[in-house]
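The values are calculated or read from the model by the stated rules, or taken from the named source; none is laboratory data. Everything quoted here is computed from the prediction, not taken from an experiment. In this analysis, Cβ positions are derived from the backbone assuming ideal geometry, glycine residues included, and neighbour counts consider all displayed protein chains.
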Amino acid sequence: MNKPNELKMILTGLGGQGVVFLTQLLARTALSLGSTVMVSETHGMSQRGGSVISHLRFGDSESPLIQKGTADILIALNLDEALRTLMYVRPNGYLIINSEKYLPEKIEKHLTRLGIQSFTIPADQIALDLGSAKMANVILAGFLSGLNICGIQYEAFRLTLSTLAPQYSRLNLKALEEGFQAGVPKTYLSVSAASRQ
Amino acid sequence: MNVKHANNASIMAAQNNSQPIELLLGNEAIGLGLVENGCRVATAYPGTPSSEVLQGVIRFKKHYGRDVYTEWSVNEKVAFEVALAVSWSGLRSSVAMKQVGLNVAADPLFSAAYTGVEGGFIVISADDPGPHSSQTEQDSRMIAMTAKVPVLDPSTPREAYMMVGEAYRISEKYKVPVILRPTTRLCHAVQDIQLPTEILFNDLGNGNKFQRQPTRWTATPKFRYLLHEELNQKIIEIQEENVNDDFYSNYHPSSNPSVGIISSGVVFQTAMQALIDLNVQLPVLKIAMPYPISQSRVSEFIQSLDVVLILEEPDVCIELQLPERQKVRGRLDGTVPGAGELTPEIVSSIIDGLLTQEGVQTQPIPIDREMEETLNSIELPVRKPRLCPGCGHRSAFFTIKKEFGPKAIYPGDIGCYTLGMNLRAVDTFVDMGGSITMANGFFQASKINQDTRPIIATIGDSTFLHSGIEPLINAVHTGARFILVILDNHTTAMTGFQPTAVNKTLADGRDAAHTASIIDLVRACGVDFIKTADPYDHEEFQAYLKQADEHTKKDTGGVAIIISDRPCILYDPDFAADRQIPVMVTEECDGCKYCLEVFECPGLSLTPDGDRVEIDVRLCVNCGQCVYACYKGFIVPVNIE
């Protein structure tokens, strides 16, 4: 498997939603493929209910923060945090949100205009159906690999996931697969306001 | 922009491709550097963003089987002095803290600059531009400047790791403490770093024992003058020291424009990325040792330019040392904002603005103002930090507030319990241990002002041990009268559950030789009224608060102390595990929001229609404390027997 090209990702959610684990999963997978990695995490008071943002970069640059308007992909574990960090995504970038609800239409209009493709997936519910709400983050990772936009293959995620938190391996791999299956049909499609009937 | 790995002659680390590459936190990378470079004693006090440095030392000393003594000291001055004595004994040592911790360790720092050191001595002081979780955005490099010790300013986790060896080399060559200064975006950044195969560092060959040196270690003021002259001379020599060239870079693209940048630390990386994003090439001088700055490097760089932009944070360390003022743009002339973190957006905007002024074409990253405006119009819930569901401090603060109400003065302190301000039971916090001293001061002021409000100070167990004891001695001795609630959750919670002097285990898991006793310490300060209570037991807690208040008022009274004793719910979840009290909000709830605003537990939220309060089962930990929060009785245990 090849290493991903230069990529800038923002991951966000609330403290306790597993943003840090998701960041680790993505970073370690990229590393296993030979990529250089730079991640910036928020710590300390973020555990006590605050917003968490991770900046994740594969490639040569060693700048820890990603400038607004330059992130290739934004992954948000809830809708509010997606809205809070939306300005990070670049034109023609991608947005993945864990949410039961869609983005407000007034936002969708801007995304369409900027060529930003957004994908919403109710990962909390899928996770609950699998047995634990805490796996929404892993489902999103699977979804990401299914969408085929980050240059990391599903297999690479599988390998890394089974070494991280081995005690939850079986459930985690199932969650990853569910996310992947949800992502595959959406490859190359953009979800516009018109198509969500 | 790859910084090559520096070769350090005294380390024989095999660098072949079969060695593991790990993702390390910047702080852990520093810890690895300390172990790899033969640090024998590493001390620290927890403080965001520095806390993981010691944890990194512990991880890697175990990984490589190295004999390194590691210690969570009681405070930063203690940590500094313990490590200093080790250095005076000819061994390499280090001390780690956050930037405000350097204030606490400043006393020995300034003195040690004069006396010098023997074994290499590194002070890791982590700055927090922003600030993200500190009372100030002060610049440790400027403390280095005032104390006259050299300071290294790494720009990435990998660089910080590699600079440790360099720091020890300079420290031993010139016999001075050296400050290594990472910032939050490095401390908590994660980068791929190749681990050394093995570590073969040997100790210095001077016998490694403390040698008497009266003109240094016991220099009286007359001799201190001589030491000062020596120090000044050292600084002059260090200035032109060849700090490993790998840490400097002098990027001169062929285009030759008139604007250049001098930068150091994380901001350097931000600036380089900004230049890429702006699609412009400029000469950039990266500084590895901001103080004492190499005047020759700097003047050579500035000569060929018309304008030089200084990008550093959080303050003007490099900028102040430049004799050339006409060409320089930075914080002093307002080009760079005087407060706040230098984010990519700000750095980009500064560079862009300057270039536009100088007539250079750029392509700034467009910010879509339309989408921004739409986003700003959406009201998002405010996510401020809050005490965890089930936190004993919440119950304590709630009861304190219930007893004394708004007509009281609440000096607070630094820790998780600072968040008592959400319950409006913290009015001030200044620094570690400040709650007790401020209460003392408020008492004196109240006497003069004829202010009859009760004074209730709150402090945590770790903070009390850090710097609460002397203030208590002072208060009792001088006859001050206030209530002090020591919120004892058995750990240093906010920074990651590091052990304190009352815990049975030490930093690396070994048994403590002895444990201190807060109640004995308090008694020894002369306090007559001490009660211990579980904050969950509201009635008893409130009764004690009443008695405490009486004690502060009666003729024979004085300071009254209540020890609020309940382990942190995250640190010791088992303690509360058998006390499960699921609750529900009854139909009669009228949505007055008293519980949300005054008890403010994250487990309580408004129903979607906003009419009533409901329990958020994802966050509720079934502590049952909110039953007391609703004075109307609308929150009840689910199984009432």
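So that you can scan it fast, the table gives a plain yes or no per residue for (1) out of contact with any Gly (no Cβ under 8 Å at 6 or more places or on another chain); (2) within 14 Å of another protein chain (Cβ to nearest Cβ):
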| residue | (1), (2) |
| --- | --- |
| B:Tyr251 | yes, yes |
| B:Pro257 | yes, no |
| B:Ile262 | yes, no |
| B:Gly265 | yes, yes |
| B:Gln281 | yes, no |
| B:Glu312 | no, no |
| B:Leu322 | yes, no |
| B:Leu342 | yes, yes |
> Residues B:Ala189, B:Ala126: which one is under 17 Å from the mean Cα position of the chain (by Cα), modelled with pLDDT of 95 or more and more than 30 Å from A:Ser32 (Cα to Cα)?
Replying inline: B:Ala126
> If the Cβ limit is 8 Å and pairs must be 6+ apart or interchain, which residue in segment B:607-636 that is touching a residue at least 40 places away in the same chain (Cβ under 8 Å) and closer than 19 Å to B:Ser395 by Cβ pairs with which residue that is of a type in the set (D, E, K, R) and in a helix (DSSP H, G or I)?
Replying inline: B:Gln625/B:Arg394
>> Tell me yes or no: at least one residue of segment A:91-105 is surrounded by fewer than 19 Cβ atoms within 10 Å (Cβ to Cβ), assigned to a helix (DSSP H, G or I) and not β-branched (Val, Ile, Thr).
In response: yes
> Do we have B:Pro381 as surrounded by 20 or more Cβ atoms within 10 Å (Cβ to Cβ), at pLDDT below 95, within 12 Å of chain A (Cβ to nearest Cβ) and part of a loop (DSSP other than H, G, I, E, B) here?
Replying inline: no
>> Can you find, within segment B:590-603, the residue that is farthest from B:His393 (Cα to Cα) among those that are within 37 Å of the chain's Cα centre (by Cα) and without any contact (Cβ under 8 Å) to a residue 24 or more places away in the chain?
In response: B:Lys593
>> Could you check segment B:389-444 and list, in sequence order, the residues that are within 14 Å of another protein chain (Cβ to nearest Cβ), assigned to a loop (DSSP other than H, G, I, E, B) and among the hydrophobic types (A, V, I, L, M, F, W, C)?
In response: B:Cys391, B:Ile414
>> Take the residues in segment B:606-624 that are crowded, with 19+ Cβ neighbours inside 10 Å and outside any loop (DSSP other than H, G, I, E, B); name whichever of them is farthest from the chain's Cα centre (by Cα).
In response: B:Val613
>> Residue under question is B:Thr362, and the condition is that it be in a loop (DSSP other than H, G, I, E, B), touching a strand residue (DSSP E or B) at 6+ places or on another chain (Cβ under 6 Å) and under 23 Å from B:Gln281 (Cα atoms); does it hold?
In response: no
> Taking segment B:108-142 as the search range and keeping residues that are of a type in the set (Val, Ile, Thr) and in contact with a Phe, Trp or Tyr (Cβ under 9 Å, 6 or more places away or on another chain), which one is farthest from B:Leu34 (Cα to Cα)?
Replying inline: B:Thr115
>> Which pairs turn up if I take residues in segment B:30-58 that are free of Cβ contacts under 8 Å to residues at least 60 places away in the same chain and look for partners that are among the aromatic types (Phe, Trp, Tyr) with beta carbon separation below 6 Å, at least 6 apart in sequence or on another chain?
In response: B:Gly31/B:Phe60; B:Val41/B:Tyr69
>> For segment B:278-315, which positions are within 15 Å of B:Ile351 (Cα to Cα), buried (at least 21 other Cβ atoms within 10 Å of the Cβ) and of a type in the set (Asp, Glu)?
In response: B:Glu312
> Taking interchain pairs and intrachain pairs at least six residues apart, which have beta carbon atoms under 7 angstrom, with the first residue in segment A:100-113 and facing another protein chain (nearest Cβ under 7 Å) and the second of a type outside the set (A, V, I, L, M, F, W, C) and part of a helix (DSSP H, G or I)?
Replying inline: A:Lys106/B:Thr374; A:Ile107/B:Thr374; A:His110/B:Glu370; A:His110/B:Thr374
>> Would you confirm whether or not segment A:96-110 contains a residue that is within 30 Å of B:Ser264 (Cα to Cα) and either out of contact with any strand residue (DSSP E or B) (no Cβ under 7 Å at 6 or more places or on another chain) or not small (Gly, Ala, Ser) (or both)?
In response: no
>> Filter segment A:29-41 down to the residues that are assigned to a helix (DSSP H, G or I) and either more than 7 Å from chain B (Cβ to nearest Cβ) or out of contact with any strand residue (DSSP E or B) (no Cβ under 6 Å at 6 or more places or on another chain) (or both) and list them by number.
In response: A:Thr29, A:Ala30, A:Ser32
